[in-house]
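The values are calculated or read from the model by the stated rules, or taken from the named source; none is laboratory data. The structure presented is a predicted model; accordingly, all values stated were derived computationally and were not measured. FYI the Cβ positions are ideal-geometry reconstructions off the backbone, even for glycines, and counts take in every protein chain you see.
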Amino acid sequence: MIENSTQGLTLLDPDRKVVVTGEEHHQAALVRWAPHPDGRGRRVAAELAFVTGPRGRRLIEVRIDGQRVGVLTPLMSERYAPHVHEVLRGRGRPACVAVVVHGRRGTEVEVHLPEVARDATAALPVAPVPVPPRPAPPAGAGAWPPPSGGTGAWPPPSGGSGGWPAPVPAPTGDGWPGNRPGPGGAPGPGGPGGRGPGRARRSRRPLWVGAGVLAALVVIGSTMSNHSGEVPTVSAAAPSTTRATPAPTTVPVTAAPTTVPAPGVVEEVEQVDVDVPDVDAPEIAPQAAARAPETRREPEPEPRPQALVQAPEPSGGGCHPSYSPCIPDGPDLDCGDIDGPVTVTGRDEYRLDANNDGVGCE
C-alpha cells in the first residue's frame, strides 16, 4: 500500500528493484518517511524527472512529494530514459513505487521500475552526424557532380575541348612513336631509328678494349727483358717426405727470342718435366671414436588441473556472494556506487571487472 498521494502521477510497472544514489545528501527530506520501528520499509510514490548531472550527462532524478531524494546511476538513467520520455510525450508525470529503508548510508531509497533487457541502451536514438556544407562550384563550371555512387562526372579542365586528354601510349621496342621516322615525320632526337628520350644503356666495350691494351703492355715488357740478357729460370720446390732424399737440380731453360706479337697474344713457355721420387706415406692407424654415453630424460609429469575453489558464502545477509567486501545483493550497481576496489570471487553479475583481472572498480 502506497502511503502518500499518487494524484496526477503515472506509475510505471514495478518489476525490478533499482538502486538510487545520493540519498546521504538528502537525509533531511527523508526524515518524515523513515522506516517503521520494526525495520519494515515504507512504500511511497516517487516522481521521475530529467536533470543535468556531472560532465553534462542527463540523469533521472527521484522526488518524493516534490523534494529531491536522489538520482539514478548514469547506466540506469540511459536504460529507463525511453519509459520516462513515453510518459512525458503523453503529457503525463512519470512516477514509480519506492521503498524507504535503512542502509549503510543512512536512510536509503529503492525504486521499482519495469524489466528492461541489459542491452536496451543500445537502442537509444543517436544524434545525427553533422555534414559540412559543400563548397560552391567555380564560375562557368556548372554544378558539382553528385556524391560517391552517382552517375555524373567532374567538369572538364578550363580551356579543354569538353573532355580530359587521351592517355599517352606506352613506348615500344622501337622508341617513342614520335621518334620513329615515317612518311611526313621528322626523325627523333637520337636520329633516325633512335631510342628517343630515356636512360641510355651502358656498353661494356670500353672494358674489353682496356683489357686488351693491358695484355699488350705485359707482353711487350716481357719481350724487352728477354732482349736485355735476363733469362728466366723455373725451379721446382723439393717435396716434403719422411725419407732423406737429395733435392732435385734446377734445369735452366733458355727462351728462344721472339718477335713482338700483336696485341692480345701471350707468349708460350716450354714446360719442363721434373722427376720426383715416389715416397710411401706412413699409414695412420684408425682410432676408434669414443661414443659419448647417451643420457635419458624422464618425461615430466603432467600438471594436474587445479580444482576450482568456490567463493565462500557471505556471513551476513544482504551481501552478494561474488564480491568482497560486502556489496548489497539485488540492485544493479556500477563503480560510481561503490567506495574503493572490490575483489571478484565468483560471477561478475554487476560487470565491475572491466579488464577481467579479478579486481573491479580499480
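Somewhere in segment 10-29, is a residue among the polar types (S, T, N, Q), over 29 Å from Arg91 (Cα atoms) and over 45 Å from the mean Cα position of the chain (by Cα)? Within segment 10-29 (the criterion being among the polar types (S, T, N, Q), over 29 Å from Arg91 (Cα atoms) and over 45 Å from the mean Cα position of the chain (by Cα)), the answer is yes, since at least one residue qualifies.
Does Val109 meet the test of being under 46 Å from the mean Cα position of the chain (by Cα), modelled with pLDDT of 65 or more and among the hydrophobic types (A, V, I, L, M, F, W, C)?
Working: under 46 Å from the mean Cα position of the chain (by Cα): no; modelled with pLDDT of 65 or more: yes; among the hydrophobic types (A, V, I, L, M, F, W, C): yes.
So Val109 does not fit the description; no.
Scan segment 336-352 residue by residue and report those that are under 26 Å from Val111 (Cβ atoms) and buried (at least 17 other Cβ atoms within 10 Å of the Cβ). Those that are under 26 Å from Val111 (Cβ atoms) and buried (at least 17 other Cβ atoms within 10 Å of the Cβ): Asp337, Ile338, Val342, Tyr350, Leu352. Give the residue that is surrounded by the most Cβ atoms within 10 Å (Cβ to Cβ), with candidates limited to residues of segment 3-34 that are in contact (Cβ under 8 Å) with a residue 40 or more places away in the chain and charged (D, E, K, R). So the residue we want is Glu23. Do the conditions hold for Ala45, that is, is it at negative phi and exposed (fewer than 13 other Cβ atoms within 10 Å of the Cβ)? Judged against the criteria, Ala45 is not a match.
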